[in-house]
Each structure stands twice: as C-alpha cells, then as structure tokens.
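The values are calculated or read from the model by the stated rules, or taken from the named source; none is laboratory data. All values reported here derive from a predicted model rather than from experimental measurement. Please note: Cβ atoms are built from the backbone with ideal geometry, for glycine as well, and neighbour counts cover all protein chains shown.
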Amino acid sequence: MKTPPSRTLFLSGMDVKVYPDSESAAAAAALLIEQAIVDAGGKRGKAVLGLATGTTPKRVYAHLVDRHRAGALSFRDVSTYNLDEYHPIAPNDPPSYHYYMHEHLFKHVDLAPDRAHVLDGTIPEAFAADHAALFERFIEADSGLDAQLLGIGRNGHIGFNEPCDLSPREAVALKTRLVELHPTTKADAAAEFGSLDRVIPKALTLGIATILSARLIIMLATGGHKAEAVAAALRGPMTAQLPASLLAHAAARVIWLLDPAAARGLDGA
Ligand code: F6R
C-alpha cells in the first residue's frame, strides 16, 4: 500500500518528500521505478534504469521483486546500468556489486542477462578508461537513462564520485572512470569487507555528467547518519566537495525521498 509523504519541501529547486519511515520511503522509490518502466515502455517499447547498491536500496529491490512475483511488473523490456563496482574484484566475490545485484534483483526477475550491465571489476587497469568510455556508449546507444536511483554517502558522494577540489562546472562534466575511494567511504565499507585493511581502495564509477543526464533522478536517503550530508546538499551551495549538492544542476529532474531521521537537518527549512 502506498503511504503518502508526511512532508513535502522544495529546496534548491528540487522536490523533497519526507515519508513517515524508511520503509515507506523505499516503497515510494520502488513505485517511481515501476512508473518509469511502464511510462518508458509505453513510449519507446523499453526502459533504461540506472541502479545503485548499498544498504539503502535493498528494500527498493525487495518491493520490485514482490511486484514481479505478483505478476504486476516485468523486466522483459528493461535494460539496467549500475552506478559502480570495486576494482579489481571478481563478480562472484560477495562484496562485489555484481554479486549484490544478482542476489537482490537480477536472479529474481525476468531481466535478460545481456541487458543487466555492471561495470567490470576484472578489466585490467590499463583498459579501465576504455571500458568506462564503452559503458557510456552503451547507455547512449540505449537512448539514455529513464531513471537513475541514487544513495548518498556520509561524505556526500553519489556513485563513487567522491568530494574533490574541482569547480562545480568541472565536476558536473565528470565522465565514467576509475577513482580512488575517500577515507569515509572506505570506513563505511569495512564491515562489508570484514575489516578496513581489506577494503578495495579503487572503484569504477559512473560520472556525475552521466548521472545528471538521466531523465529522472531518484535520491533515496534514510537514517540519521545521512542527515548532515542531506541538509548540506539540499541547502547548497553547489560544490564538488559535496557531490550530491551538484544534483541541483539538474534540479527539475531530481526527487529526494527521505525518512524523518535523514531529514532531521532540514528542520526549519
Ligand atoms: C552504491 C553507491 C553509493 C551508495 C552510498 C550510500 O552503488 O553508488 O554512492 O549509494 O554510499 O550507501 P548506503 O546505502 O550503503 O548507505
């Protein structure tokens, strides 16, 4: 059942919806993805999704799988592109995002294996730039992303676009590439890898430009540990030190879905 938002805000030109809890925020994200599949399917005969991993979207995928099992949603005419992948990593390694996507979505739905694209953590580093450029070409050839699901890092990263010293104009032009992970990102991944020193320090990530090109950008943030980054991103200014603030560059196409804990820093907004 669809729970309505308990609060709706408009910040830095972006729609922000605060739900009564993380479960209803995740359900709202799943519904937007389902609508994007249906709308794009109706218009072009196919839908192209940008997907995220991490703790936050697990419930979104659970909702989509439930809808599929109920016979209400098919992925037959869907292509997916994931935001990121550690490098180097094997696809069957449990912390890999290939593994995650297989476990949480791909193996449960009727998505064709040759349409489920995840950046390749086994590509030799010397070919990483070529691989990243090819991934972008795949997305373009598929006529671009209809909807991009995002989470936010505690440091404000989107995908693995980490805080950096670029100007906002340079940062919004960033393409898909191999990057070094930020210390906060590595600390947050320690549990997944078993310890901090086992965290793979590099990753392939979709660029900010690629993310911003999506026709709809769904940012889902839940939990009090995200409140500071969420408030800074929504209040602005746009800065590459907080990559999520750069979503304001595509403001009219962005929707933020929050739970009350993640929205805590917006009190008074
Ligand atoms: C994952 C990704 C990351 C996460 C972010 C939040 O594909 O690109 O930007 O969305 O680190 O992760 P969680 O949801 O684990 O807090």
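Here are the numbers for the structure shown:
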| read-out | value |
| --- | --- |
| Qualifying residues in the range 216-228 (those that are buried (at least 23 other Cβ atoms within 10 Å of the Cβ) and of a type outside the set (Gly, Ala, Ser)) - the one nearest to residue 158 (Cα to Cα) | 219 |
| Residue satisfying condition, being within 16 Å of residue 226 (Cβ to Cβ) and either more than 16 Å from the chain's Cα centre (by Cα) or of a type outside the set (Gly, Ala, Ser) (or both), within set 8, 56 | 56 |
| Filtered residues of the range 47-79 (kept if more than 13 Å from the ligand (Cβ to nearest atom) and part of a loop (DSSP other than H, G, I, E, B)) | 70, 71, 72, 73, 74, 75, 76, 77 |
| Every pair of residues 6+ apart whose Cβ atoms lie under 6 Å, when the first sits in the range 67-86 and is closer than 13 Å to residue 33 by Cβ while the second is small (Gly, Ala, Ser) | 78/47; 80/116 |
| Answer from 90, 52 - the residue that is in contact (Cβ under 8 Å) with a residue 24 or more places away in the chain, within 17 Å of residue 105 (Cβ to Cβ), touching a Gly at 6+ places or on another chain (Cβ under 9 Å) and hydrophobic (A, V, I, L, M, F, W, C) | 52 |
| Hits in the range 176-201 (condition: hydroxyl-bearing (Ser, Thr, Tyr) and surrounded by fewer than 16 Cβ atoms within 10 Å (Cβ to Cβ)) | 195 |
| Criterion: more than 19 Å from the chain's Cα centre (by Cα), part of a loop (DSSP other than H, G, I, E, B) and modelled with pLDDT of 95 or more - qualifying residue of 165, 197 | 165 |
| Index of the failed condition, residue 119 passing every other in (1) buried (at least 19 other Cβ atoms within 10 Å of the Cβ); (2) of a type outside the set (S, T, N, Q); (3) farther than 26 Å from residue 78 by Cβ | (3) |
| Some residue of the range 60-80 being touching a Leu at 6+ places or on another chain (Cβ under 8 Å), buried (at least 20 other Cβ atoms within 10 Å of the Cβ), modelled with pLDDT of 95 or more and closer than 21 Å to residue 181 by Cβ | no |
| The range 229-269, residues that are crowded, with 21+ Cβ neighbours inside 10 Å, in contact with an Asp or Glu (Cβ under 8 Å, 6 or more places away or on another chain) and under 17 Å from residue 184 (Cβ atoms) | 240, 243 |
| Residue within the range 141-157 that is surrounded by 22 or more Cβ atoms within 10 Å (Cβ to Cβ), among the charged types (D, E, K, R) and in contact with a Leu (Cβ under 7 Å, 6 or more places away or on another chain) present | yes |
| Tally of residues being of a type outside the set (Asp, Glu) and more than 13 Å from the ligand (Cβ to nearest atom) across the range 216-241 | 11 |
| Qualifying positions in the range 128-156 - within 16 Å of the ligand (Cβ to nearest atom), part of a helix (DSSP H, G or I) and not β-branched (Val, Ile, Thr) | 132, 135 |
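The rows are residues; the columns are (1) closer than 30 Å to residue 66 by Cα; (2) assigned to a helix (DSSP H, G or I); (3) touching a helix residue (DSSP H, G or I) at 6+ places or on another chain (Cβ under 8 Å).
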| position | (1), (2), (3) |
| --- | --- |
| 100 | yes, yes, no |
| 126 | no, yes, no |
| 170 | no, yes, no |
| 179 | no, no, no |
| 185 | no, yes, no |
